[in-house]
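K.L.:
Pasting a structure below so you can have a look.
The values are calculated or read from the model by the stated rules, or taken from the named source; none is laboratory data. All values derive from a computational prediction rather than experimental measurement.
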Amino acid sequence: MQGLLGAEGELALDGKRLRGSRREAEAALQVITQAGTNLRQVWEQKAVEGGDELGAAIALLEEFPLENKVIRADAGLLQAPFVQKVVKKRGLHRVDQRQSA
């Protein structure tokens, strides 16, 4: 897997609510996914607890080698703690200009 990861130059983080996962007393399951844009490989997913998508995204970054990788994310994630984590781990960040549907 390390060989494949080395070939991945750009990672995208995106949060989603899973359709059909909502139950009577519970909110829909929400996850944040980290995927490679070159190899089109999902590398990791984390459940979002209490609606804290930013916290889940930072936790993903913490567990993943980012050196010399471009990290793409929606503008909502590009807050100071997220950007600081990318910079600390020697990655590069880029705003995803696409509008969410």
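K.L.:
State whether one or more residues within region 62-71 are at pLDDT 85 or above and among the hydrophobic types (A, V, I, L, M, F, W, C).
P.N.:
yes
K.L.:
Could you list, in sequence order, all residues of region 17-58 that are acidic (Asp, Glu) and more than 10 Å from the chain's Cα centre (by Cα)?
P.N.:
Hits for region 17-58 are GLU24, GLU26, GLU49, ASP52.
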